[in-house]
1. Using only Cα atoms, find the angle between the long axis of helix 30-79 and the longest principal axis of the chain, and express it within 0 to 90 degrees, rounded to the nearest 10.
2. Give a residue-ordered list of calculated ³J(HN,Hα) values for segment 105-118 (Karplus: 6.51 cos²θ - 1.76 cosθ + 1.60, θ = phi - 60°; whole Hz; x for Gly, Pro).
3. Would you mind checking which residues have amide H under 5 Å from Cys91's amide H? H placed 1.01 Å from N; only 5 or more apart, or other chain.
4. Report the number of Lys pairs in segment 30-159 whose alpha-carbons are under 15 Å apart, with separation of 8 or more residues or on distinct chains.
5. Which Cys residues of the chain have no other Cys beta carbon under 4.7 Å away?
6. Looking at segment 30-159, send over the antiparallel percent of its DSSP beta bridges, to the nearest 5.
7. Can you tell me how much longer the chain between Lys105 and Phe18 gets when fully stretched, taken as 0.36 nm per residue apart minus their C-alpha distance, in nm with one decimal?
8. In segment 14-74, what trypsin sites (Lys or Arg not before Pro) fall in a loop by DSSP, with at most 15 other Cβ atoms inside 10 Å?
Amino acid sequence: MIDNPYRGAVTSYPPPAFAPAPPPPRKRRTWLIVLATVGVLTVLVCALGLGRLFFRLKHVTDVEKEIERTTAAFIEDRRDGLSQAGYDGLCAEAKDEFRLEDLAKPPEEAVTDFKVFHTNVAYERGQATVSVDVQRPDGTREKEVYILDEDGERWKMCSFPA
């Protein structure tokens, strides 16, 4: 056997000619984070806006339906002469102007049919204007305007064709 003089000897390699390159920088995802944040905020704002619009619209629709019901009930009650309940549905100004006895008589030109075709609510004033297409016994049709005032949670009739 040949004796290897280098056996077990530690050999060192010569130093490299240049330092090893640092690891590549991590890809920055700042734009992706910003884009995702903007997307989430946009979706959230749109959802909140639609929710608010839906519930506000529902409130407006409910208020208009209540106003139209009040107007229809008044017209129905007035056909044969206004009842005590109908008189109680008048606002204070109308009660000052009309007595129950005057309104208890059926009007000379009775309404045989009617249709509410426009409701305008001025929330800041608490007042509503309702336009109604009415039909008389002789078949003629005409437009009438009724004005209601908000009194607490109720709408009361204030101005109507006498």
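Coordinate-derived values only; no laboratory data. Being a predicted model, the structure only gives us computed values, none of them experimental. Note that each Cβ is placed from the backbone with ideal geometry, even for glycine, and that neighbours are counted across all protein chains shown.
1. Helix 30-79 sits at roughly 10 degrees to that axis.
2. Values per residue, Gly and Pro as x: 7, x, x, 4, 9, 5, 9, 8, 8, 8, 8, 6, 10, 7 Hz.
3. Met157, Cys158
4. For segment 30-159, qualifying lysine pairs total 4.
5. Cysteines of the chain left without a disulfide-compatible partner: Cys46.
6. Close to 95 percent.
7. Gain in length upon complete extension: 20.1 nm.
8. For trypsin sites (Lys or Arg not before Pro) across segment 14-74 that sit outside H, G, I, E and B with at most 15 neighbouring Cβ atoms in 10 Å, the list reads Arg26, Lys27, Arg28, Arg29.
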